[in-house]
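Have a look at the structure below before the remarks.
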Amino acid sequence: MLLLGADEAGKGPVIGSMFVAGLVIDEDRLFDLAGFGVRDSKLLAPGKREMLAKKITGIATDQYILEVKPNVIDELRGVMTMNDIMVRSFSSVIAKLHADRAILDAADVNAQRFADRVKAASKTTMVLVAEHKADQRHQVVSAASILAKVRRDASMRELEEAMHCKIGSGYPHDQDTLNFLNEWVKENRQLPPCARHSWATAQRIKASFI
């Protein structure tokens, strides 16, 4: 039986893209994931995640990682809620892949509602379930979370190199991120293109200088 796991990385940051990863493996390969030491990406060091991502890709039947850029998130937030964006993003990933059963990390307080909406939007015939903390309970979802997180981290490093400055994790609680935003807006009198302009943190910093 083919299993599909899907999870996101970067839903909450004020800077950078969000990534939603979908991974398909044969059920028999769950033993390999266990042997690799796969678990929720948040519990793993960056170097360990990168090593595991290569091993996961090596045994995957298929995979797809969707990038949703900051400007796209801002544009969509003008016409829909963040929950709607998550449904749209997960359904785009599910529609690209095929398996017998799909397990999603629920991006809604109501996990069943999230599953139902993604299934309808993706038009999939797969058995599809969503659970809170699925990245902790199902190794195929843990593996997907690792793929998404590795891509998110790599994108942030690329962004720092392109902009020649320290940006940090991109999350509102990160002082490096806040320092970057403050300095950028102070100097340029506008938010950087890598920021999610619709985020309250970005709006607050913009208002303090403009």
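Observations on the model:
- Identity of the residue in the range 38-59, open to solvent by less than 30 Å² (accessible area, probe 1.4 Å) and either in a loop (DSSP other than H, G, I, E, B) or out of contact with any helix residue (DSSP H, G or I) (no Cβ under 8 Å at 6 or more places or on another chain) (or both), that ends up modelled with the highest pLDDT: V38
- Whenever a residue of the range 20-40 is more than 23 Å from E8 (Cβ to Cβ), its partners that are open to solvent by less than 50 Å² (accessible area, probe 1.4 Å), lying with C-beta atoms within less than 7 angstrom and at least six residues away or across chains, give the pairs D26/L2; E27/L3; D32/I59.
- Residue-level check: of (1) of a type outside the set (S, T, N, Q); (2) within 30 Å of D116 (Cβ to Cβ); (3) open to solvent by 50 Å² or more (accessible area, probe 1.4 Å); (4) modelled with pLDDT of 95 or more, R29 misses just (4).
- Within the range 70-93, residues that are open to solvent by 60 Å² or more (accessible area, probe 1.4 Å) have Cβ atoms under 9 Å from residues that are basic (K, R) in these pairs: N71/R196; R77/R196, counting only partners at least 6 apart in sequence or on another chain.
- Yes/no for A99 being assigned to a loop (DSSP other than H, G, I, E, B), crowded, with 23+ Cβ neighbours inside 10 Å and touching a strand residue (DSSP E or B) at 6+ places or on another chain (Cβ under 8 Å): yes
- All of V118, V141, V129 fail the test of being at pLDDT 95 or above, of a type in the set (A, V, I, L, M, F, W, C), open to solvent by 30 Å² or more (accessible area, probe 1.4 Å) and in contact with a Leu (Cβ under 8 Å, 6 or more places away or on another chain), apart from V129.
- Close pairs (7 angstrom Cβ cut-off, 6 or more residues apart or separate chains): more than 16 Å from F36 (Cβ to Cβ) in the range 47-67, open to solvent by 70 Å² or more (accessible area, probe 1.4 Å) and of a type in the set (K, R) anywhere: Y64/K96; I65/R151
- Checked against the criterion of being closer than 16 Å to Q139 by Cα and open to solvent by 10 Å² or more (accessible area, probe 1.4 Å), the range 15-26 has at least one qualifying residue.
- Answer residue from the range 170-210, given it is assigned to a helix (DSSP H, G or I) and of a type in the set (S, T, Y) and is most open to solvent (accessible area, probe 1.4 Å) among those: S208
- Condition check for E8: touching a Phe, Trp or Tyr at 6+ places or on another chain (Cβ under 6 Å), in a strand (DSSP E or B), at pLDDT 95 or above and open to solvent by 30 Å² or more (accessible area, probe 1.4 Å): no
The values are calculated or read from the model by the stated rules, or taken from the named source; none is laboratory data. Only a predicted model underlies this, so the values are computations on that prediction, with no experimental measurement involved. FYI the Cβ positions are ideal-geometry reconstructions off the backbone, even for glycines, and counts take in every protein chain you see. Note: accessible area is taken over every heavy atom of the protein model, side chains too, but ligands, DNA and RNA are not part of it. Shrake-Rupley method; radii C 1.70, N 1.55, O 1.52, S 1.80 Å.
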